[in-house]
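Q: First the structure, then my questions, so here it is.
The values are calculated or read from the model by the stated rules, or taken from the named source; none is laboratory data. In this text, all values refer to a predicted model and were calculated from it rather than measured experimentally. Here the Cβ is made from the backbone with ideal geometry for all residues, glycine too, and neighbour counts use every protein chain on show.
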Amino acid sequence: MSAVVTVFVYGLVTAVATGLGALPFALIRTISPRAVALANAVAGGLMLGASFGIVAEGTGYGAWQTLAGGLLGVVFILVTQQRLGDPNVAIAGAATADGRRMALIVIVMTVHSFAEGVAVGVAFGGGPTLALAITVAIAVHNVPEGLAISAVLRPRGMTVLACAAWSIFSSLPQPVMAVPAFLFVETFRSALPYGLGFAAGAMVFMVLEELLPEAYDRASRARVAVVVSLTLVGMMLFQRVL
Amino acid sequence: MDRTLVVLLFASLSAATAVLGAGPFAFGQRLPQSRIGFANAVASGMMLGAAYGLLVAGFARGLLAVACGAVLGIVFVAWTHSASGTEELDLNKLEGGSEAYGYQVLLVNSLHSASEGVAIGAAMAVSQPFGIFMALAIAVHNVPEATVLCAILTGRGVRVSSAAGLAVAANVSQVLLAIVAYAIVQAAPGTLPWALGFAMGALVQLVMSELLPESYRQSGSRSIALVTMVAMGIVVLLQSIAA
């Protein structure tokens, strides 16, 4: 039973990290696009490194199953995107935010969190080290996500506290999804490589489809590249040293 | 066959595939930009998959040495780009630009192939199948690289055959460094994790600073992400099956 509590708490930590994205708005009204880009680059590197770790773990149980799971992860993200439209559109239109846009970004980000919650839960099936690494990667990834949400909500006159609350709300699916995902791979051990593949596929796709293109748009590609590469290596080292 | 000869053979083969990049121009065709974008995405995926393999092989042999080697590889590629003034070079620009632009692209290609050579040599020291696999992955990457180069050179009046020759010549450093890297890690096995890390860092930095940002400009980020992931998935799968 205590394992379930641990999984939930780790998921909650990643969710609360989203609220940190609201903090800069306590000091300033707007945030420079370059800072967002570099935050994205850090998150991208961490998530790629975490995915490498997950894949190394998953292929140990079965290479084909991991790959099939990865395919499922990509399809999952594609389908949710199809249903909700492109979140990038909502972020880019921060200046002309209206009520609908505010609702849209919170909804999009919330659905977005489901796959990340699954990743946290599945990682526990691969052992506590993997779980900690994935939790850190997703928590850091959540900070710029909270930043994006707050960038839409804050100019509409919401308080910093409310921005933080909505940011955390958007990540609540993470603790909620982490627990059933963990129980699933614990009960059906044969599902573990599929689950690990799912988490890696979803994360790598998010990095390649959203984080990196956005980062390249707003900062010099040499700087983005160095940040991504260094954090990727750092993340891999972090996972091995633990 | 002596393993050094195997390194020479496959590194040369990989360098020579650059000839194929000139293929479309031999038939007088012009390449649509989006096709180069997808070719770059395939190369990105293969190189990321190869980097994953190098990292896993490296970490089995030493943590800190691999990490330090990787930082060196990243710094090396970033530094050669900024030192040669090719940091923000737009390889998509097939027409226009000064005469020097064509030579800059040639220079970039030869700098790249140096770190790719280290990857082949280090991988070959891990195991022969892994080395051959790495050479083939880099061979596939060499084709679109040569296509871009040939498009730029033929656009400036260089004959197709000369352009193809220059594309292969730009890869000579790949053969040279593959053999040097292999010889060094054979003579001093302690350097193997450093070499694996270096190659890994250099490949990732190449993908992140050039291949990916350029392919995003040529096609939508969703299709680029999908193509990259398919290529990466296949490479990772082949590595895990071979291991």
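Q: What are the residue pairs meeting all of these: first residue in region B:43-69, first residue within 13 Å of A:F238 (Cα to Cα) and within 9 Å of chain A (Cβ to nearest Cβ), second residue surrounded by fewer than 24 Cβ atoms within 10 Å (Cβ to Cβ) and aliphatic (A, V, I, L, M), Cβ atoms under 7 Å, and 6 or more apart or on different chains?
A: B:L63/A:L237; B:L63/A:V241; B:A67/A:L237
Q: Select from region A:52-79 the residues that are at the interface with another protein chain (Cβ under 7 Å from one of its Cβ atoms) and within 18 Å of A:G117 (Cβ to Cβ) and list them in ascending order. Steps first, answer last, please.
A: From region A:52-79, those at the interface with another protein chain (Cβ under 7 Å from one of its Cβ atoms) are A:52, A:55-56, A:59, A:63, A:67, A:70, A:74; that's our starting set.
Residues satisfying the conditions are A:G70, A:V74.
Q: While we're here: Counting only residues that are at the interface with chain A (Cβ under 7 Å from one of its Cβ atoms) and in contact (Cβ under 8 Å) with a residue 12 or more places away in the chain, which one in region B:191-215 is farthest from B:A65 (Cα to Cα)?
A: Restricting to residues being at the interface with chain A (Cβ under 7 Å from one of its Cβ atoms) and in contact (Cβ under 8 Å) with a residue 12 or more places away in the chain, the top hit is B:L212.
Q: While we're looking at this one, here's another question. Checking A:A43 against (1) modelled with pLDDT of 85 or more; (2) more than 13 Å from every other protein chain (Cβ to nearest Cβ); (3) crowded, with 23+ Cβ neighbours inside 10 Å, which test does it fail?
A: Failed condition: (1).
Results for (1) at pLDDT 85 or above; (2) under 14 Å from the mean Cα position of the chain (by Cα); (3) within 23 Å of B:S215 (Cβ to Cβ), shown as yes or no for each residue.
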position: B:L91; (1), (2), (3): no, no, yes
position: B:G96; (1), (2), (3): no, no, yes
position: B:E116; (1), (2), (3): yes, yes, yes
position: B:P129; (1), (2), (3): yes, no, no
position: B:L153; (1), (2), (3): no, no, yes
position: B:A167; (1), (2), (3): yes, yes, yes
position: B:Y182; (1), (2), (3): yes, no, no
position: B:A188; (1), (2), (3): yes, no, no
position: B:L203; (1), (2), (3): yes, yes, yes
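Q: Related question: Could you list all residues from region A:116-132 that are surrounded by fewer than 24 Cβ atoms within 10 Å (Cβ to Cβ) and either assigned to a helix (DSSP H, G or I) or of a type in the set (D, E) (or both)?
A: Within region A:116-132, A:P128, A:T129, A:L130, A:A131, A:L132 qualify.
Q: Being within 17 Å of B:V42 (Cβ to Cβ), more than 10 Å from chain A (Cβ to nearest Cβ) and assigned to a helix (DSSP H, G or I), is that true of even one residue in region B:176-189?
A: no
Q: For region A:146-242, which helices (runs of 4 or more DSSP H) that fit wholly inside it have 3 or more residues that are away from chain B (no Cβ under 11 Å) and modelled with pLDDT under 90?
A: Correct list: A:160-170, A:173-187, A:192-206.
Q: Of the conditions (1) within 14 Å of chain B (Cβ to nearest Cβ); (2) at negative phi; (3) modelled with pLDDT under 85, A:T110 satisfies every one except a single condition; which number is it?
A: Evaluating A:T110 over (1) within 14 Å of chain B (Cβ to nearest Cβ); (2) at negative phi; (3) modelled with pLDDT under 85 leaves (1) as the failure.
Q: Take the residues of region A:1-60 that are among the small types (G, A, S) and not in a helix (DSSP H, G or I): which is farthest from A:E145 (Cα to Cα)?
A: Going through the qualifying residues, I end up with A:S32.
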